[in-house]
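Working notes, structure below.
The values are calculated or read from the model by the stated rules, or taken from the named source; none is laboratory data. The structure displayed is predicted, hence computed values, not measured ones. Every residue, glycine among them, receives a Cβ derived from its backbone with ideal geometry; neighbour counts consider all protein chains shown. For accessibility, only protein heavy atoms count, side chains too; no ligands or nucleic acids. Shrake-Rupley method; radii C 1.70, N 1.55, O 1.52, S 1.80 Å.
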Amino acid sequence: MTILVTGAGGQVGQELVRRAGQRALLGLSRAQLDIADINAVRAALAGHRASLVINAAAWTAVDRAETEPEAAWRANHDGPATLAAACAEAGIPLFHLSTDYVFDGRAPGAYAETAEVAPLGVYGMSKWAGEQAVRAHLPERHLIVRVAWVFGAYGGNFVRTMLRIGGERDVVRVVADQYGGPTYAGAIADALLSIASRHLAGEPLASGTYHLCGTPVTTWHGFAQTIFAAAHRAGLLARTPLVQPILSSAYPLPAPRPANSSLDCTRLRERLGIEAPPWMAGLSETLDIWKRTS
Ligand SMILES: NC(=O)c1ccc[n+]([C@@H]2O[C@H](COP(=O)([O-])OP(=O)(O)OC[C@H]3O[C@@H](n4cnc5c(N)ncnc54)[C@H](OP(=O)(O)O)[C@@H]3O)[C@@H](O)[C@H]2O)c1
């Protein structure tokens, strides 16, 4: 009953391994398993007698995807397609992570799973193509979970960047016209592990696409203000910098970002009993870990 985790060196991958508890779970990093290599994937599934695969591997460098599209497509489309084909051959389910960036962010409210996709850049397009490949190979045996604004104690993310620049500058300018729900990598891992365990214990898999994002919806500016205040309270920042709100247009990036990244998580609660996680709790845990290890 081994759960095989791919991309185990990433933010969510590391949390899956750390939170496995008593479960039989094996995490393979990119160096240990390239998800786009069909022979290596087949050998890993058979060799480790995998009962279920959780794919936490991806190309997540959104801006670099614009200049290195082949690499992004390889990780975000070819990899999931390869994993899904191998899981179909082995008769086992695949849990796969995707992103709010499949949407263009023009909708007025939170996106439901049924909302029309319209990716704005190469990253979002390649992730959407990966989703489609998973659905095609495993129509009744997949779980696609779209998450947004992922952060946690392990790996690079917005919280880590804010702490670094907050320690260096008196004034930090942060985008205030993009809305989303920062999602704690630990909460994503817990949700996936709970669904996996229930399924491996005999619960039928409610195959399909789900949204999971942190609550409440905020902006990068709002998130940064909370990060600085919490880090200051935790003793990780000597003083809080002034956080100046700016428009996305004042901070142009190679890949455009959706203005609205908020995801409606109702389906996840109703079908799988999992609540959208409050991001403040994840932020506190992240800072606690950094405090203990700094
Ligand atoms: N980060 C976010 O803000 C965010 C937002 C929305 C959705 N998501 C989605 O959430 C999931 C997890 O994201 P994350 O933040 O944990 O990502 P991450 O920290 O960037 O980790 C991704 C991992 O995948 C590995 N990888 C890349 N190509 C691979 C390949 N061909 N075979 C095996 N491993 C490969 C990477 O290895 P290297 O480091 O060696 O390249 C890295 O360890 C992804 O599906 C991502 O698209 C993330």
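Points worth noting:
- Cα centroids of segment 84-139 and segment 148-207: 18 Å apart.
- Placing pseudo-labels 7 Å out from each Cα toward the beta carbon at Ala107 and Lys291 gives an inter-label distance of 3.8 nm.
- About its Cα centre, the dipole of segment 1-79 is roughly 540 debye, where the only charges are +1 on Lys and Arg Cβ and -1 on Asp and Glu Cβ.
- Computed log₁₀ I(q)/I(0) - Debye formula, equal Cα scatterers, no solvent, segment 1-143, q 0.09, 0.16 Å⁻¹: -0.27, -0.82
- In this simple spin-label model, placing a label point 7 Å from the Cα along the Cα-to-Cβ direction at both His48 and Ser194 gives a separation of 2.4 nm.
- Estimated [θ] at 222 nm from DSSP helical runs (n ≥ 4, -39500 (n - 2.57)) normalised by residues in the chain, nearest 500: -12000 deg cm²/dmol
- The charge dipole of segment 34-166, taken about its Cα centre with unit charges on the Cβ of Lys, Arg, Asp and Glu (plus for the first two, minus for the last two), comes to roughly 380 debye.
- Label-point gap, in nm, between Arg23 and Ala206 - each point 7 angstrom along Cα→Cβ: 1.7 nm
- In segment 156-213, a dipole from Cβ-located charges (positive for Lys and Arg, negative for Asp and Glu) runs towards its positive end, and of Ala187, Phe158, Cys213 it is Phe158 whose Cα lies farthest in that direction.
- Per-residue accessible area (protein heavy atoms, 1.4 Å probe) orders Lys127, Lys291 as Lys291, Lys127, starting from the largest.
- Lys, Arg +1 and Asp, Glu -1 on Cβ, resulting dipole of segment 55-126 about Cα centre, debye, nearest 20: 100 debye
- Dividing the C-alpha radius of gyration of segment 168-288 by 2.2 N^0.38 Å, with N its residue count, gives 1.28.
- Counted by Cβ distance under 13 Å from Gly235, the other residues give a net charge of +3, where Lys and Arg count +1 and Asp and Glu count -1.
- Quotient of the Cα radius of gyration of the chain and 2.2 N^0.38 Å, N being its number of residues: 0.98.
- Normalised alpha carbon radius of gyration of segment 1-58 [divisor 2.2 N^0.38 Å]: 1.01
- The mean accessible area for residues of segment 220-280, using a 1.4 Å probe and ignoring ligands and nucleic acids, is 51 Å² per residue.
- At the residue level, Glu66 shows approximately 60 square angstrom of accessible surface with a 1.4 angstrom probe and all protein chains present.
- With R₀ fixed at 51 Å, the C-beta to C-beta distance from Thr266 to Asn39 puts the FRET efficiency at about 0.80.
- Under a Gaussian network description of the chain, with springs only between Cα atoms under 10 Å, the residue in Pro277, Pro252, Pro69 that fluctuates furthest is Pro252.
- Residue-span extension gain [Ala31 to Tyr251] - 0.36 nm each, minus C-alpha spacing: 75.7 nm
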